1. Pulled fully out, how much extra length does the chain show between D102 and S44, if you take 0.36 nm times their separation in residues and subtract their Cα-Cα distance?
2. Which of the GluC sites (Glu not before Pro) across the range 126-235 are loop residues per DSSP, with 15 or fewer other Cβ within 10 Å?
3. Which net charge results when you count Lys and Arg as +1 and Asp and Glu as -1 among the other residues whose beta-carbon is under 15 Å from that of D42?
4. In angstroms, what radius of gyration and Dmax does the range 1-129 have, counting Cα atoms only?
5. Beyond 23 Å, how much of the Cα-Cα pair distribution for the chain remains, as a whole percent?
6. What does the charge dipole of the chain about its Cα centre add up to, to the nearest 20 debye, if the Cβ of each Lys and Arg holds +1 and the Cβ of each Asp and Glu holds -1?
7. For the pair A185 and A91, how long in nm is the line joining their label points, each one 7 Å along Cα→Cβ?
8. Using a/c under 1.5 as the rounded threshold, could you call the range 33-79 rounded, prolate or oblate? The axes a ≥ b ≥ c are square roots of the C-alpha gyration tensor eigenvalues, and prolate needs a/b larger than b/c, oblate otherwise.
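Read the figures in this text as sums done on the coordinates, not as results from a lab. On a predicted model such as this, the values are computed, not experimentally measured, just so you know. Glycine gets a Cβ as well: all are built from the backbone with ideal geometry, and neighbour counts include every protein chain shown.
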Amino acid sequence: MATMITDRIKEKPNSVICLASGDTLKLALRKVVDKATQQQIDFSAVQFIGLDEWIGITAETHGSCADFFNKYIFLPLGIPNNNFHLFNGTAIDLEKECKKMDEIILRLGGIDLMVVGIGINGHIGFNEPGISTSLKSHVAELQETTQSVGQKYFNSTQILKEGITLGFQHLIDSKEVILMASGVAKAQIIQKTILGEISEVVPATVIRKHPNALILIDEEAASSIAEKERIRFNS
Ligand code: F6R
């Protein structure tokens, strides 16, 4: 996965890359940073977009998406401020914040690569079950599951009722998408994402409509997919 990202940057040094935060991406980004450092890959022209942010959480709060991006990619690679674009979860005018992000993406010529995770309820970003697939940036009410699972990122209990997120229209328009999942906690939702009906009930199934998408999972995340299905899916 790290190689896929660094290869894209070698091919197109001014790539526009959208990243999710979270545990799944943590390991992957560590590898990207190692590879970039070892091979002296030039990231100076890459433009990064943050997939989402918790509403009401400042960028400086340990556990915010901004804090994650800073820690795991921007600071280690010395990415200049002008080259990353993150939602401000404490903006007074959130609609304006959404519009601003949509305009930035448009101005940059669209997203080349999105690297995302998946929630146990099937969300990508904060696109929760039932969400329309034609939305761009928007504010989302978060399901109970997302609110409680999200506490794992923080040192103290936070109110996580809403999120600001890129929408599925961005995912559909992105030139390439990689969805990653690891661990047994993701096994059931991965089974539904890959083999279930494509529907907003499991938002991540939208990825199967994308002509250039890859679902990268480990053995544990694949453990609810029966052997015969694996063969069918691979062939
Ligand atoms: C975070 C995000 C979320 C996570 C998902 C998986 O920016 O967009 O959709 O990708 O909740 O989180 P982890 O990787 O922590 O299991």
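1. Here the answer is 18.6 nm.
2. Here the sparse-neighbourhood loop sites are E197, E219, E220.
3. Details: positive: R8, K10, K12, K35; negative: D7, E11.
Summing Lys/Arg as +1 and Asp/Glu as -1 gives +2.
4. Calculated on Cα positions, Rg and Dmax stand at 14.3, 42 Å.
5. Working: 12692 of 27495 pairs.
Tail of the P(r) past 23 Å holds 46 percent of the pairs.
6. On the way: 23 positive and 28 negative charges, 104 e Å.
I would put it at about 500 debye.
7. Taking the two extended label points, one gets 2.9 nm.
8. prolate
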